[in-house]
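Worksheet for the structure shown next.
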Amino acid sequence: MSTLATDAAPSLGADLGRIVGAPNVETRPAALVPYRTDATFGFSGIPWAVVRPGDTEEVSRVLRFANDRGIPVVPRGAGTSLAAGAVPTHGGIVLALTRMNRIASINPIDLTAVVQPGVTTQDLARAVAEHRLYYPPDPGSQRVSTLGGNVATNAGGLHGLKYGNTAGYVLGVEAVLADGQVIRAGGQLLKDVAGFDLVRLLTGSEGALAVLTELTLALRPAPATRTTGLAYFADLKAASNAVRGVVAAGILPATLEFLDAKCIRAVEDYAQLGLDTDAGAMLLFGDDGSAAEVERTVAEIADLMREFGATSAQVATAAAESEALLSARRCALPALSRLGGATMLEDVGVPRSLLPELVRRIDEIADESGATVATFGHAGDGNAHPVGCFDPGDHEQRSRVAAAFDDIFAAAVELGGTITGEHGVGAAKLPYLEAQLGSAQMALLARIKQAFDPVGILNPGKLGS
Amino acid sequence: MSAGDIFDAEELGTCISCGFCLPSCPTYKLTGDEASSPRGRIALMRAIDHGEVDVFDVAAREQGSFCLGCRACEPVCPAGVPYGNLIEDLRNAQWKGRRRPLRIRPLLSFADRGRLIRLAGRLRRHARFSPPSASPATAPEGSDEILMLGCFERSLFPAVSRAAAATLPGIEVPQDQGCCGALHAHNGDVERGEELARRLADRPGRIVSTAGGCAAHIAAVAGRDRVVDYSEALLDRGSLPGPILIDGRPARIGLQDSCHLRNGMGVSAEPRKVISALGAYVEVPGAGDCCGAAGTYALLRRKDSRRVVAPKIAALAVLDLDFLVVVNPGCQRQMIGVLRRARLRARVVHLAELVALAAAEAEAP
Ligand SMILES: Cc1cc2nc3c(=O)[nH]c(=O)nc-3n(C[C@H](O)[C@H](O)[C@H](O)COP(=O)(O)OP(=O)(O)OC[C@H]3O[C@@H](n4cnc5c(N)ncnc54)[C@H](O)[C@@H]3O)c2cc1C
Ligand code: SF4
Ligand code: SF4
């Protein structure tokens, strides 16, 4: 850790307090403990201060201050990153954006919302619903995750197959560069090609290029109805075959999520929905649109599921039932901790057509390694989340999971896939990135990072470092 | 006690830091600071457990007492973290003996000694008055139920104890019951809290409670199946009295949940069901959120307690309720004060009092 930790500490709190006000700065070690980690197992760093700015101006002044002194700054939303993206691995200032949680406007004609980065995904979804509008990206963490974090990681959700991920909804950003300069890119315009597409570049930049301080997001009219259904299979391979079957039949449903047997049991244990805990795998499917349309599509999917070997397939009869099924799926990861305490999770993705092959290899690798691995994921997106469950105190178990995960990464890359479909690189995946991108692209990333942040204060040890 | 022994290792290990609990936590909502969130406090407890932070560290003590202990973080936790136990353990270590906040020491010894028990004896003579003949409820066949009278309730709201006994005919009110120990457990004396609850639990029969805080505490020691809330006992008896009429219309009645009843006992539908029979039930926005009473919290941290309850005042102001029902004496005290300061006309009553009122109305010509 840098020597700044001790050098800067005595006056750091007071200096930062002059920018954001003393109550919004914390430097006492015990009060900083929660900011050492995010939702990733096994990664932590020791911040020197946490700062909660109230507006763009304060963000700018904090960054200028830090840039002048070479102090690392780690932007943080809700700290639900699963790639250690929000962990202050190099110490420095944690810049928590949760106080900037205002929805500035919702425009039902332009179909846009302008928000501060600390608004939670769910709060925006609820606010736009009151205008009969819809903000589709809904990561499993939507209850708590911030829109700033969603944009910075280009988060996916449970409706990605039909609606795409966050990137498809970012029209404009206001961002503060490392030296404190404020830029605006994109905006309410539907067409705008002035300059490189910085909106797209900053989306998924994981806090390593700039701090997002305002977002202009695209909305959709709210669909009239939504329905969810459920199909059980003998194993995950059969389930992923059925996904192929559905898409091959020309249907692109809003939701196609899968859970394996271990996930079904963990979720049932938590949510008590009456899931079939003897099933080998489960597919959650759903669609939205006009009532007649949805009813037809969902029935058609259910038929296809049976045709492709589902042991049973049924459609939810009430909206509340649909919502319960979706929220149960959102809890899959935390519920899995019931299997062992600690969880390590992957985020591999392959072209949809190769999903059965990926799932087969994950199973094989898990079996050979003797690690407890449960898998769930966004079947429609070809994105699987194998989760290794282990007792945190048991090093043998832990290293078995780690070894299995190295093999799973390799398998995904070999299949032309990715080591991270949606969670991002953070500190957790950085060591594996070059295997996927190659050295030329790694060097290019570093040069882009250098252009935005010459001193290298923004989220060091992550993308571009 | 060494730092490593404060918490149950397995309980502390359950949290996977997913953050799902953050938006449910009143103190996180107030501050936006993760240090005052459930996940943040668990991270702090882990640092204490590992010996990285001293349990008596000022910032650590601050979080131990800023937490309301409302357990709103529990039902939303997919991993099943028993947060209520963890915060009790933390306070047990931080508040032991001389470090216990001065203002609550007399309260604990009051509950602990005979004074209340004698007082309770006097109350129980009142409690034995015969139930109104149009009583809504008759004791279920072969039931063996005892009414547990909360200490706080006995001293502050004796009418509640009387109403509960009157509307649950056939229930036994033991003469010699003491404090259930919830007060101790929530305020840094887990051992004494358990011992007192155990004494109650050693009696045969099902324990009926009119205080959410007591119910959840006894259930934690004796098992959930040994304890029921007043509303559950009432519903078990079948019939309820008809609606309370005000100027010929059914009374408008709202509810303030008890955190421990809702989050610790899983009882939230039952009081609503009872109220729906007694008048026009109105769901108060945020009824399930903590009212800021939180046991001794309103005594220890008056300012924070008022900040926590502030959003409720705005919500209640537009509802024009006739009654606001509470199901825990701490909430009763808090909401009486809140409504008085806000000059709202709704009368704050315990569910048992409302049932007794409805029964009395039904009996009146
Ligand atoms: C149970 C659970 C389920 C999840 N499900 C999904 C899922 O379905 N799909 C998915 O994609 N992800 C999922 N995630 C991962 C995570 O929730 C998302 O990555 C989310 O977008 C992170 O948001 P956050 O506000 O918590 O950001 P944080 O975790 O605080 O930060 C994430 C990254 O963004 C940066 N950042 C945050 N705010 C800003 C800002 N204003 N400006 C610049 N950089 C910023 C941080 O530096 C960090 O690198 C899940 C996580 C959990 C715990
Ligand atoms: S919801 Fe449960 S597992 Fe998740 S952070 Fe909160 S306490 Fe931990
Ligand atoms: S008990 Fe209440 S105040 Fe304490 S952490 Fe849980 S939700 Fe927050």
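So B:Cys67 clears everything in (1) over 25 Å from B:Val308 (Cβ atoms); (2) open to solvent by less than 20 Å² (accessible area, probe 1.4 Å); (3) more than 10 Å from chain A (Cβ to nearest Cβ); (4) not acidic (Asp, Glu) except one condition, right? Which one?
Against the list (1) over 25 Å from B:Val308 (Cβ atoms); (2) open to solvent by less than 20 Å² (accessible area, probe 1.4 Å); (3) more than 10 Å from chain A (Cβ to nearest Cβ); (4) not acidic (Asp, Glu), B:Cys67 comes up short only on (1).
Is it the case that the stretch B:45-64 has a residue that's over 21 Å from A:Glu26 (Cβ atoms), facing chain A (nearest Cβ under 7 Å) and open to solvent by 30 Å² or more (accessible area, probe 1.4 Å)? Even if it seems obvious, please write down each step before you answer.
Applying the first criterion (over 21 Å from A:Glu26 (Cβ atoms)) to the stretch B:45-64 yields B:49, B:51.
After this cut, where a residue has to be facing chain A (nearest Cβ under 7 Å) as well, the list is none.
No - not one qualifying residue is present in the stretch B:45-64.
If a residue must be assigned to a helix (DSSP H, G or I) and closer than 23 Å to B:Pro241 by Cβ, how many such residues does the stretch B:332-358 contain?
9
When you scan the stretch A:381-464 for helices (runs of 4 or more DSSP H) that lie fully inside it, which ones turn up with 1 or more residues that are over 20 Å from the mean Cα position of the chain (by Cα) and either within 14 Å of another protein chain (Cβ to nearest Cβ) or within 16 Å of ligand 3 (Cβ to nearest atom) (or both)?
A:395-414
For B:Ile42, which of the numbered conditions (1) in contact with a Phe, Trp or Tyr (Cβ under 6 Å, 6 or more places away or on another chain); (2) closer than 17 Å to A:Ala30 by Cα fails to hold?
(1) is the only condition that B:Ile42 fails.
I need the full set of residues from the stretch A:308-353 which are within 14 Å of chain B (Cβ to nearest Cβ), closer than 28 Å to A:Leu433 by Cβ and part of a helix (DSSP H, G or I), in order please.
The answer is A:Arg330, A:Ala332, A:Leu333, A:Pro334, A:Leu336, A:Ser337.
Modelled with pLDDT under 90 and touching a helix residue (DSSP H, G or I) at 6+ places or on another chain (Cβ under 6 Å): which single residue out of A:Gly180, A:Gly160, A:Gly207, A:Gly187 fits that description?
Within the list A:Gly180, A:Gly160, A:Gly207, A:Gly187, the selection yields A:Gly160.
With respect to B:Ala3, determine if the residue is surrounded by fewer than 18 Cβ atoms within 10 Å (Cβ to Cβ), more than 16 Å from ligand 2 (Cβ to nearest atom) and touching a residue at least 12 places away in the same chain (Cβ under 8 Å).
yes
Filter the stretch B:20-29 down to residues that are crowded, with 24+ Cβ neighbours inside 10 Å and closer than 19 Å to A:Leu82 by Cβ and give me whichever is farthest from the other protein chains (Cβ to nearest Cβ).
Filtering first and then ranking leaves B:Cys21.
Only residues that are open to solvent by 30 Å² or more (accessible area, probe 1.4 Å), closer than 21 Å to A:Thr98 by Cβ and more than 15 Å from the chain's Cα centre (by Cα): list them for the stretch A:141-183, please.
A:Val182
Grab the helices (runs of 4 or more DSSP H) fully contained in the stretch B:53-133, keeping just those with 2 or more residues being away from ligand 1 (no atom under 16 Å from the Cβ) and at pLDDT 90 or above.
Those helices (runs of 4 or more DSSP H) span B:58-66, B:83-95.
Kindly establish whether B:Leu321 is part of a loop (DSSP other than H, G, I, E, B), more than 16 Å from ligand 3 (Cβ to nearest atom) and touching a Lys or Arg at 6+ places or on another chain (Cβ under 7 Å).
yes
Output the residues belonging to the stretch A:250-276 that are under 19 Å from A:Arg306 (Cα atoms) and not aliphatic (A, V, I, L, M).
A:Gly250, A:Pro253, A:Thr255, A:Glu257, A:Phe258, A:Asp260, A:Asp276
May I ask you to list pairs of residues, at least six apart or on different chains, whose Cβ atoms are under 7 Å apart, with the first in the stretch B:252-274 being part of a helix (DSSP H, G or I) and the second being among the polar types (S, T, N, Q)?
Taking only residues 6 or more apart or on different chains, the pairs are B:Leu261/B:Asn328; B:Arg262/B:Ser268; B:Glu270/B:Ser231; B:Pro271/B:Ser231; B:Val274/B:Ser231.
Determine whether the stretch A:438-452 contains at least one residue that is closer than 24 Å to A:Gly149 by Cα, touching a helix residue (DSSP H, G or I) at 6+ places or on another chain (Cβ under 6 Å), at pLDDT below 95 and not charged (D, E, K, R).
There is no residue in the stretch A:438-452 that is closer than 24 Å to A:Gly149 by Cα, touching a helix residue (DSSP H, G or I) at 6+ places or on another chain (Cβ under 6 Å), at pLDDT below 95 and not charged (D, E, K, R).
Taking into account only those residues within the stretch B:65-96 that are among the aromatic types (Phe, Trp, Tyr) and within 9 Å of ligand 3 (Cβ to nearest atom), which is nearest to A:Glu26 (Cα to Cα)? Break it down into steps so the answer makes sense when it comes.
Step one: filter the stretch B:65-96 for residues among the aromatic types (Phe, Trp, Tyr), giving B:66, B:83, B:95.
Filter once more, keeping what is within 9 Å of ligand 3 (Cβ to nearest atom): B:66, B:83.
Details: B:Phe66: 16, B:Tyr83: 25 Å.
Result: B:Phe66.
So A:Ala129 ticks every box in (1) farther than 21 Å from A:Thr213 by Cβ; (2) within 14 Å of chain B (Cβ to nearest Cβ); (3) at pLDDT 95 or above; (4) open to solvent by 40 Å² or more (accessible area, probe 1.4 Å) but one. Which box is left unticked?
Tallying (1) farther than 21 Å from A:Thr213 by Cβ; (2) within 14 Å of chain B (Cβ to nearest Cβ); (3) at pLDDT 95 or above; (4) open to solvent by 40 Å² or more (accessible area, probe 1.4 Å), A:Ala129 fails exactly one: (2).
The values are calculated or read from the model by the stated rules, or taken from the named source; none is laboratory data. These numbers were taken from a predicted model, which means no experiment stands behind them. Methodologically, a virtual Cβ is constructed for each residue, glycine included, from the backbone with ideal geometry; neighbour enumeration extends over all protein chains shown. Just so you know, the surface numbers come from the protein's heavy atoms only, side chains and all, with ligands and any DNA or RNA stripped out. Shrake-Rupley method; radii C 1.70, N 1.55, O 1.52, S 1.80 Å.
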